[in-house]
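Everything on this sheet refers to the single structure shown next.
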Amino acid sequence: MNYPLAAIIFLLSLSVTFQPAHGRDATATEEIQPLITTSELVVGMNRFAFGLLKGNKLLNDAEVTLKLYAIDGSELSLVAEVKAPYQIASTLKQERSVHHHPNGTEHVHGDESGIPGLYVAQLNFSRAGDWGVELLVGQRSGPADIVRLAVTVLDEPATPALGSPAPRSHNLIASDVKNLRQIDTSPRPDSRLHQVRIADAIAQGKPQLIVFATPQFCTSRMCGPVVDIVRTLLPVYGKRVAFTHQEIWQDFADKKMFPTVAEWRLDTEPWVFVVDSDGIIRGKFEGLVTARELEISLQEMLKLKPARRR
């Protein structure tokens, strides 16, 4: 089969420079490295979120254009070109806390470890399989940097899908434990996030926002900030929406997760789900999410007219 010369040249570039979105080993610290926070991509519209690292420092507020390429054997075609604007996650300062790693090491997170924001684009994938993503990163001076990576798209999500019923979980709440630290590894656990069982809220027709996160044992630096961002929404939405923080590890030393995490089929953290009064998932966010994104999801969910309950 004969292929256009341009496609052959680009495919040769693809084999060298389109790296897997996860587990990339950066060898040149001055090269821009993508920090992809979205591990699950499925056929249809997806939120694709990422950070940028250059010289071991986060690159914030760059001008980023994202190009999406469909890969079909040796054929490559551009299917979309969109802007990926930088979004501020929160202006909150993260409290100092001890962060434990799976290998037993630990270090202190302080204000300097907070992740102020991320880049977000909406990508529509027409089929499952491998796709190419090209990031054009413009800065104040010099030409734009080009970052290429490969992503894999699934037919169906492994986690609960948008529009599907939320698992009727019987998560532990504040009244079940003597100390909130048994179900929350935040530096200062917030009892307001541990008042309602997910199953009970669904039975009562109460909308929910559920954050799955483990601030002390997070494999990234995102769990603590995401829980803090969720808490900022309580004053405005707390009377209309049940807010729940589900800790990941019931016993970190034995790698024993809480049953609720297994019921929701989560292999990464953090996750945030927005569930309507009928128990249907209307919003889901993996990794770092901004307060504005959550507010938009909550507002859209609260506008939905509840279906007749049987």
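Restricting the search to region 173-195, which residues are assigned to a loop (DSSP other than H, G, I, E, B) and surrounded by fewer than 19 Cβ atoms within 10 Å (Cβ to Cβ)?
Scanning region 173-195 gives ILE173, VAL177, LYS178, ASN179, PRO187, ARG188, ASP190, GLN195.
I need the full set of residues from region 241-288 which are in a strand (DSSP E or B) and of a type in the set (A, V, I, L, M), in order please.
Selection gives ALA242, MET257, VAL272, VAL274, VAL275, ILE280, ILE281.
Which condition from (1) out of contact with any Gly (no Cβ under 9 Å at 6 or more places or on another chain); (2) surrounded by 21 or more Cβ atoms within 10 Å (Cβ to Cβ); (3) in a loop (DSSP other than H, G, I, E, B) is the one that CYS218 breaks?
That leaves (1) as the condition not met.
Filter region 121-142 for residues that are within 14 Å of ILE32 (Cα to Cα), touching a Ser or Thr at 6+ places or on another chain (Cβ under 9 Å) and either modelled with pLDDT under 95 or not β-branched (Val, Ile, Thr) (or both) and give the result.
The answer is GLU134, LEU135, LEU136, GLY138.
Tell me yes or no: at least one residue of region 138-148 is more than 22 Å from MET45 (Cα to Cα) and in contact with a helix residue (DSSP H, G or I) (Cβ under 6 Å, 6 or more places away or on another chain).
There is no residue in region 138-148 that is more than 22 Å from MET45 (Cα to Cα) and in contact with a helix residue (DSSP H, G or I) (Cβ under 6 Å, 6 or more places away or on another chain).
Which residue, of GLU300, GLU293, is touching a Lys or Arg at 6+ places or on another chain (Cβ under 9 Å), assigned to a helix (DSSP H, G or I) and within 25 Å of ARG168 (Cβ to Cβ)?
One residue alone meets the criteria, GLU300.
Quick check on region 59-67. Is at least one of its residues at pLDDT 95 or above, surrounded by 14 or more Cβ atoms within 10 Å (Cβ to Cβ), out of contact with any Pro (no Cβ under 9 Å at 6 or more places or on another chain) and over 28 Å from SER220 (Cα atoms)?
no
Mind listing just one residue for me: the one in region 243-279 that is acidic (Asp, Glu) and under 16 Å from GLN208 (Cβ atoms) and, of those, farthest from the chain's Cα centre (by Cα)?
ASP278
So, in region 153-167, of the ones that are under 20 Å from LEU298 (Cα atoms) and either of a type outside the set (S, T, N, Q) or modelled with pLDDT under 95 (or both), which residue ends up surrounded by the fewest Cβ atoms within 10 Å (Cβ to Cβ)?
Selected residue: GLY163.
The values are calculated or read from the model by the stated rules, or taken from the named source; none is laboratory data. Please read these numbers as outputs of a predicted model, since none were measured by experiment. All Cβ positions, glycine included, derive from the backbone under ideal geometry; neighbour counts span all protein chains shown.
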